[in-house]
Amino acid sequence: MNGNYAMLAEAVIARCRKLASFSEDAGGTRRTFLSAAMHDCHREVSSWMKTLGMSVSVDAVGNLRGFYPAISPGTPRILIGSHLDTVPNAGAFDGILGVVLAVALVDSLDGQKLPFGIDVIGFSEEEGVRFGVPFIGSRALVGRLDEELLGRKDEHGISVRKAIQDFGLNANEISEAVLRDDVLGYIEFHIEQGPVLESLGRPLGVVEAIVGQNRLEFNFSGQTNHAGTTPMNLRRDALAAAAEWIVAVENLAQRTPGIVATVGFMEAKPGATNVIAGEARATLDIRHASDRTRTEALDELIRQAESIGARRGVTVKWRTLLAQNAVAMDPFLTEQIAHAVQKSGCVPHRMASGAGHDAMILAEKIPAAMIFLRTPGGISHDPAESVHLDDVAKALECGYHLLARLGASQEFLGRTCRA
Ligand SMILES: [Zn+2]
């Protein structure tokens, strides 16, 4: 074993920073699905993989894979990875760290082979920037890329299918990307992208679930009228009704543990200083690790919108934009990760992920689990995104212990894929 985790961690950080230079934009990092910059990224990561004796391939949706064989052929494999695409004006670590760290983990084995092969995977698309649909990379592995999605167009009118072809791949081979039944599970290292681990002073988090979420749009309809001549008691002010409800959303979220609820957009019409707003439109984003808690809170917020509206003579209509249940991580893998975190000298903090991740998609078919790394300042999706060198070293050490535990576990090796 290569015991020098600090040295490896330093290389991991340098590599993440190098990948950040492969960008569609000058002066910032933006690397979307199947862009030219992704070709450069693949070339770089492939060269690292090949140095470690891994066989490299790219599947039909552009997921980069490097396979490190097991002790004996014909044995199952595990997937370790994350995504290689970024948001515009991105940091260097969201997603990318999970891929680079997986390569470093193979490096830390120093040629030692395990009872399972390791497929390091760099997903081509997670953020949903180019086509407005996230997880295109991981969806291919669970067989969830349909014609509708392949026909979707980006802002230049290029379809997913055409983008695949332009990248030198063949969309007719997408079915070959689907998980085979020799995959034991998926493990993803990812930055937390939030302030929780930092506030607790813990380097690593064990993700138990990825929260479920609802996104809705609420329309408040009152009566547009003159701001000077309409007395206060005769108004049906849609904007004031929406405002009262927004505060109610915040109040409910504050008194319900674990709930996060956000009104991130609102618009009033006609939108003039001297006119009472007759229409107001507001969005709601609500999340919780428990589907029941989330659903109950949402029902309560809908009731409150209706009662606030009724009191003010304002009608309220709402429609669902997104409804997604929480996804539990695999309890066995989660337990093994908690042990590995402990063995690397850290106190494991069990937590829910407030953001979606590829692990959530793969969990549909195979046991999946995630390890979070503390995110300094909780800052992500920004060039200031960073990691602590020591935390990356701890993550590598944890990963090494995890591989050793899994390799020695008959329970794990005896598992078969549900795909
Ligand atoms: Zn990410």
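Can you name the helices (runs of 4 or more DSSP H) wholly within segment 356-419 that have at least 3 residues being more than 23 Å from the chain's Cα centre (by Cα)?
Working: elements: 358-362, 389-407, 410-413.
Ranges flagged: 389-407, 410-413.
In segment 325-338, which residues are surrounded by 16 or more Cβ atoms within 10 Å (Cβ to Cβ), more than 16 Å from the ligand (Cβ to nearest atom) and not small (Gly, Ala, Ser)?
If the condition is that a residue be surrounded by 16 or more Cβ atoms within 10 Å (Cβ to Cβ), more than 16 Å from the ligand (Cβ to nearest atom) and not small (Gly, Ala, Ser), then ASP330, PHE332, LEU333, THR334, GLN336, ILE337 are the ones that fit.
Which one of these is buried (at least 21 other Cβ atoms within 10 Å of the Cβ), touching a residue at least 40 places away in the same chain (Cβ under 8 Å) and more than 16 Å from the ligand (Cβ to nearest atom): PHE123, PHE116, PHE93, PHE135?
Only one candidate qualifies: PHE116.
If I ask for residues that are within 15 Å of the ligand (Cβ to nearest atom) and over 15 Å from LYS365 (Cβ atoms), which ones from segment 181-198 would you list?
Result: PHE189, HIS190, ILE191, GLU192, GLN193, GLY194.
Working only within segment 57-83, note down all residues that are assigned to a loop (DSSP other than H, G, I, E, B), more than 26 Å from HIS401 (Cβ to Cβ) and at pLDDT 95 or above.
ASP59, ALA60, VAL61, GLY62, ASN63
State whether one or more residues within segment 5-28 are over 23 Å from the mean Cα position of the chain (by Cα), on the phi > 0 side of the Ramachandran plot and touching a residue at least 12 places away in the same chain (Cβ under 8 Å).
no
Can you tell me which residues in segment 57-94 are of a type in the set (Gly, Ala, Ser) and under 21 Å from the mean Cα position of the chain (by Cα)?
The initial filter retains those residues of segment 57-94 that are of a type in the set (Gly, Ala, Ser), namely 57, 60, 62, 66, 70, 72, 74, 81-82, 90-92.
Matches in segment 57-94: GLY62, GLY81, SER82, ALA90, GLY91, ALA92.
For segment 40-68, how many residues meet the condition of being over 22 Å from ILE164 (Cα atoms), touching a residue at least 24 places away in the same chain (Cβ under 8 Å) and not aromatic (Phe, Trp, Tyr)?
Matching residues across segment 40-68 total 4.
(1) under 20 Å from ALA395 (Cα atoms); (2) part of a helix (DSSP H, G or I); (3) of a type in the set (D, E, K, R): which one isn't true of ARG350, the others all being true?
Failed condition: (2).
Do we find that ASP40 is at pLDDT 95 or above, over 22 Å from the mean Cα position of the chain (by Cα), in a helix (DSSP H, G or I) and among the acidic types (Asp, Glu) in this structure?
yes
With the structure loaded, tell me whether PHE33 is under 22 Å from the mean Cα position of the chain (by Cα), of a type in the set (Phe, Trp, Tyr), within 15 Å of GLU188 (Cβ to Cβ) and crowded, with 24+ Cβ neighbours inside 10 Å or whether it fails that test.
no
Could you check, for segment 229-249, whether at least one of its residues is closer than 21 Å to GLN336 by Cβ, outside any strand (DSSP E or B) and in contact (Cβ under 8 Å) with a residue 12 or more places away in the chain?
Checked against the condition, which is being closer than 21 Å to GLN336 by Cβ, outside any strand (DSSP E or B) and in contact (Cβ under 8 Å) with a residue 12 or more places away in the chain, segment 229-249 yields no hits at all.
Would you pick out the residues in segment 344-364 that are under 19 Å from VAL260 (Cα atoms), more than 14 Å from the ligand (Cβ to nearest atom) and of a type in the set (A, V, I, L, M, F, W, C)?
Passing the criteria: MET351, ALA352.
The values are calculated or read from the model by the stated rules, or taken from the named source; none is laboratory data. This one's a predicted model, so the numbers in the text were calculated from it and none came from an experiment. Neighbour counts are summed over all protein chains in view; Cβ atoms, including those assigned to glycine, are modelled from backbone coordinates with ideal geometry.
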